[in-house]
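Q: Here it is, the structure, as structure tokens.
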Amino acid sequence: DAGVTQSPTHLIKTRGQQVTLRCSPKSGHDTVSWYQQALGQGPQFIFQYYEEEERQRGNFPDRFSGHQFPNYSSELNVNALLLGDSALYLCASSLSHGGRRSNEQFFGPGTRLTVL
Amino acid sequence: GQSLEQPSEVTAVEGAIVQINCTYQTSGFYGLSWYQQHDGGAPTFLSYNALDGLEETGRFSSFLSRSDSYGYLLLQELQMKDSASYFCAVIASGGSYIPTFGRGTSLIVHP
């Protein structure tokens, strides 16, 4: 049973560039959430996708956008990169109608983004 | 908004018991989760409490007091591999079960 996978593992970009990060959820999961984790901080919620729609969004600017595909995989796009966007980007999958299990998020290994 | 407070660092020795506290402020509280994250790794779900009381899962237990807006994670029989960051995360009602994470507690286990 494959867990959550993310690609790439590491990425280096320069200011102003655009980046796309990818995530495949755990088998059987239908919901994907994206988080940004700065060094020494907890993960900060960016947005959540369910049924190919953005269901909820955190306090992030419109430069952050996403997409969910029919196979539940997801992409995170960040435009006009800033130095402050350097962080670990985590994808987490969950089951929307799993009752108590809906509270359990399965995280991928993350993509380490460095903006120079 | 939501806010969570947890100690930044806790140290203990192998075999000991350690408690990591978490206090929170939020509207529409639904539940409290705990996650473990090793350096360079992904957060891993440990536990979830929606009702008052203690939930035990092996060496780890989690407690919640809704009236005190307080919870803790209890780790028993500490092992070196337990050295990691531990995050409490509050889930507020809204239907999407999205956790808001604290800043994390770094647990250092000494031999």
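Q: State which residue pairs qualify: first residue without any contact (Cβ under 8 Å) to a residue 40 or more places away in the chain and more than 13 Å from B:S69 (Cβ to Cβ) and inside segment B:1-29, second residue surrounded by fewer than 17 Cβ atoms within 10 Å (Cβ to Cβ) and of a type in the set (G, A, S) in any location, beta carbons under 9 Å apart, and separation of 6 or more residues or different chains.
A: Close Cβ pairs satisfying both conditions: B:G1/B:S27.
Q: Looking at (1) facing chain B (nearest Cβ under 9 Å); (2) over 27 Å from B:G1 (Cα atoms); (3) touching a helix residue (DSSP H, G or I) at 6+ places or on another chain (Cβ under 9 Å), which is the one condition that is false for A:V4?
A: Among (1) facing chain B (nearest Cβ under 9 Å); (2) over 27 Å from B:G1 (Cα atoms); (3) touching a helix residue (DSSP H, G or I) at 6+ places or on another chain (Cβ under 9 Å), the lone unmet condition for A:V4 is (3).
Q: So in segment A:1-33, with the set limited to residues that are surrounded by fewer than 13 Cβ atoms within 10 Å (Cβ to Cβ) and of a type in the set (A, V, I, L, M), which one is modelled with the lowest pLDDT?
A: Looking at the filtered set, the residue picked out is A:A2.
Q: Taking B:A42 and the conditions (1) part of a strand (DSSP E or B); (2) in contact with a Phe, Trp or Tyr (Cβ under 6 Å, 6 or more places away or on another chain); (3) surrounded by 15 or more Cβ atoms within 10 Å (Cβ to Cβ), which numbered condition does it fall short on, given that it satisfies the others?
A: B:A42 satisfies every listed condition except (1).
Q: Of all residues in segment A:61-115, count the ones that are in contact with a Leu (Cβ under 9 Å, 6 or more places away or on another chain) and of a type in the set (A, V, I, L, M).
A: Summing the residues that are in contact with a Leu (Cβ under 9 Å, 6 or more places away or on another chain) and of a type in the set (A, V, I, L, M) in segment A:61-115 gives 8.
Q: A further question follows. One residue is enough: does segment A:39-56 have a residue meeting the conditions more than 9 Å from chain B (Cβ to nearest Cβ) and closer than 24 Å to B:L32 by Cβ?
A: Yes: one or more hits.
Q: Restricting to segment B:60-102, what's the tally of residues that are modelled with pLDDT of 95 or more and not in a strand (DSSP E or B)?
A: Of the residues in segment B:60-102, 12 are modelled with pLDDT of 95 or more and not in a strand (DSSP E or B).
Q: Collect the residues in segment B:24-33 that are touching a Ser or Thr at 6+ places or on another chain (Cβ under 6 Å) and more than 11 Å from chain A (Cβ to nearest Cβ), keeping them in residue-number order.
A: B:Y24, B:Q25, B:G28
Q: Please give the strands (runs of 3 or more DSSP E) falling wholly within segment A:34-113 in which 2 or more residues are aliphatic (A, V, I, L, M) and surrounded by 16 or more Cβ atoms within 10 Å (Cβ to Cβ).
A: Qualifying strands (runs of 3 or more DSSP E): A:74-78, A:87-94.
Q: Across segment A:57-95, what is the number of residues that are within 13 Å of another protein chain (Cβ to nearest Cβ), within 19 Å of B:P43 (Cβ to Cβ) and polar (S, T, N, Q)?
A: 2
The values are calculated or read from the model by the stated rules, or taken from the named source; none is laboratory data. If you're wondering where the values come from, they're calculated on a predicted model, not measured in any experiment. Every residue, glycine among them, receives a Cβ derived from its backbone with ideal geometry; neighbour counts consider all protein chains shown.
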